[in-house]
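The values are calculated or read from the model by the stated rules, or taken from the named source; none is laboratory data. These numbers were taken from a predicted model, which means no experiment stands behind them. As a convention, Cβ positions derive from the backbone with ideal geometry for all residues, glycine included, and neighbour counts pool all protein chains shown. Please note that ligands, DNA and RNA were not included when accessible areas were found on the heavy atoms of the full protein model with its side chains. Shrake-Rupley method; radii C 1.70, N 1.55, O 1.52, S 1.80 Å.
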Amino acid sequence: WFKESSKKVCKKCPVGTEAVLGLEYKWWNTMPKNMESSVFHQEFSNSDQRTAWEVAGEYIYTAPGVQDTDYLTLTLNVPGYRAQSFANSEMNELSRITFVFETICTADCRFYFLVGYSKWNNYLVEQWKGRNGKQSYSYLIQSNHTVSFTWTFQRTGEFSMDRNFSTDAAKIYSIHITNVIGGVASQCLRCAVTSDKADSSCVPCPPGHYMVNTTGECEKCPPNTYIRTSQPVGKTACVQCGPNTKRNKAYTACLSDCTFRVQTGGEAVQTYDFSPLSNVTGFTSSPRFTNRGLRYFHHFNLNLCGTESRVPASCVDNVTESGKVVKGYICQSTVVPSDIRSQSMVSSQPFIIGDSLMGVTTETTLGGISSPAWLFPSPQLPDVIFYYKSSDTTQACKQGRSATVRLRCNPTPNVKDHIMLPSKCSEGTCDGCTFHFLWESQHACPLCTTDHYREIVSACIQGIQRTTYVWQQPLQCYGGESLPTQKVSACVSMDFWLKFGVSIGLIAAVLLASLICYFWKKTRKLQYKYSRLMMSSGGKECELPTADSCAIMEGEDAEDDLMDLTHKSFFTKIKSFSRERTSDGFDSVPLKSSSRHQQDEEEEEED
């Protein structure tokens with residue numbers, strides 16, 4: 001916030017700017033509390049005068065002294081300076097003091113300006129002699145130890161018992177010191193784009209925005225990115241979230257909602273739900289012993305995943321009075337069994353292993369952090385790996401500590417979750433900087449789907465068929481879809497179809513036999529007509545009798561109609577056919593009409 005000199009209302013500085021805090025004295029109605037004046041006599045004097053400077057509204061001036069050789073001093077003390085972070089500030093400029101003064105002298109007066117740690121520990125910066133008109137002077141402050149400023153006026157250096165120059169005086173019209181702790185602001189300046197000071201009062205960009213290097217303006221970061229707090233300037237300040245993570249609402253970190261989806265090879269997408277594992281979980285390493293035989297453990301606390309409302313893992317030091325507590329995703333402390341009744345364990349030396357989530361994937365490398373497969377031989381189903389990183393650096397871990405947590409599916413029922421350390425690195429780390437853990441659990445398995453079970457259909461027994469569902473083996477899922485209940489449906493057995501087929505076959509055989517008999521009968525009728533024609537031809541093979549009429553003969557018509565229209569059963573007709581057949585194998589055909597016709601013809605020839 002800042003207050004314009006011409007207005008009484010304070011305003012908020014714009015984004016990307018910082019209030020120019022300082023102390024400014026322009027109106028001298030009362031002596032400021034952080035200023036004091038004193039008189040130093042060059043010669044002995046029994047005077048108890050202590051006031052050397054007096055206020056006069058528009059300026060502060062030196063009061064008449066007891067002797068002309070007295071030193072009249074004015075001292076201003078400040079509490080310190082803030083870190084400079086303005087865009088136009090010089091590299092070594094911590095603060096600057098500027099004052100406007102005037103000396104009115106008739107003799108060889110002198111005006112001194114001193115700076116230092118106190119009025120007793122200072123050094124001369126500048127001095128003026130004789131009469132000087134109203135002017136301004138600035139001094140660049142480069143050290144935090146320069147917190148005291150002293151102005152001293154002496155009318156003359158020649159001692160005299162008379163006060164000949166009591167009207168000579170020094171006036172200070174204004175004093176202005178920039179970047180002072182506890183100061184006030186009258187303007188705002190653009191922040192330095194490279195400013196990352198913790199005590200900087202630069203108005204930051206809105207969440208999800210970064211400051212442009214050249215202009216100091218704010219621009220929005222790409223989707224699913226968070227702002228690097230250590231350097232919120234430039235596009236590099238926007239950090240992309242790792243795989244299967246999303247930024248939080250404050251744009252300060254990436255989080256996991258404890259769900260994970262992956263597709264391996266040509267298989268269907270597998271979905272994981274690690275919500276049952278999101279609570280803070282503690283586990284210890286195998287016991288270790290000091291050279292005196294004292295047993296101790298490395299205790300780890302782990303918070304796998306969660307949103308903003310999650311409870312972080314914490315490790316505490318309850319040995320020293322400091323009571324240090326560290327919080328993050330993974331932390332470690334050294335635990336020693338205690339004989340004190342109030343506490344069974346004594347915890348000390350806590351430190352953070354991972355305070356930010358880098359990503360969740362099945363790959364063994366992410367962001368320079370590696371989780372070698374030989375640490376925990378992997379089964380057929382790939383492990384889901386959480387990657388964490390800590391911003392705390394040490395002499396050995398200059399890039400900070402990191403950790404990987406492998407989640408391995410173990411669908412065996414009634415098996416307690418178990419977190420293991422690498423067998424080849426029993427303390428959880430092989431280099432002191434990167435820690436590795438394996439967590440076996442049912443909840444580390446993918447959720448069951450319809451692809452994880454198959455159906456078995458039973459035979460049709462007495463018109464009932466049962467469909468049973470069983471899990472695919474080996475079972476590699478947990479939760480999700482449950483096995484459907486057994487289904488019972490009506491069906492038709494093979495006996496029915498066999499009987500139906502036999503019946504259809506018999507019917508078809510009867511129909512076929514009927515057709516054979518029908519066509520056999522038609523063939524016999526043609527054979528009968530052919531026999532009559534042969535008998536009429538007189539036995540000559542190539543000659544046929546001349547047809548007397550194109551119409552059907554009287555006997556044929558009657559007999560044919562009699563044979564065709566007589567309604568007899570199939571078996572009766574077969575029986576009648578068998579009776580008409582003669583002993584020589586030929587049918588008995590009535591030829592009465594033909595013989596009579598031949599006899600009439602012979603009688604006519606005789607006549």
Å² of accessible area per residue within the stretch 358-444, as computed with a 1.4 Å probe and no ligands counted: 48 Å²
Whether the stretch 398-468 is rounded, prolate or oblate, judged on the alpha carbon gyration tensor where a/c under 1.5 counts as rounded: prolate
Potential extension, VAL269-SER309 segment - 0.36 nm per residue separation minus Cα distance: 11.5 nm
Label-point separation, MET534 to TYR469 (7 Å along Cα→Cβ), nm: 8.0 nm
Rounded FRET efficiency, nearest 0.05, which uses the C-beta distance separating SER160 from LYS398 and R0 of 60 Å: 0.25
Sequence of TYR272, TYR226 when ordered by accessible area, the most exposed leading, probe 1.4 angstrom: TYR226, TYR272
Extended-chain gain in nm, criterion 0.36 nm per residue less alpha-carbon gap, GLU93 and GLN349: 88.1 nm
Accessible area, probe 1.4 Å, largest first, for residues HIS436, HIS418, HIS209: HIS418, HIS209, HIS436
Difference of contour (0.36 nm per residue) and Cα-Cα distance, ARG261 to ASN213: 13.4 nm
Which of GLU18, GLU427, GLU363 is most accessible, then next, and so on - probe 1.4 Å: GLU363, GLU427, GLU18
Residue-level accessible surface for VAL100, protein heavy atoms, 1.4 Å, Å²: 30 Å²
Student exercise, the stretch 330-445 dipole from Lys, Arg, Asp, Glu Cβ charges, in Debye to nearest 20: 20 debye
Label zone at VAL66, where the point sits 7 Å out along the Cα-to-Cβ direction: the stretch 152-187 residues whose backbone N lies under 15 Å: 160-163
Net charge over other residues, Cβ less than 11 angstrom from the Cβ of ASN132 (K, R count +1; D, E count -1): +4
Percent accessible area from carbon and sulfur atoms, the stretch 346-482, protein chains only, probe 1.4 Å: 50 percent
Distance violations [Cα-Cα > 29 Å] among LYS12/LYS220; LYS12/LYS389; LYS327/LYS398; LYS11/LYS171: LYS12/LYS389; LYS11/LYS171
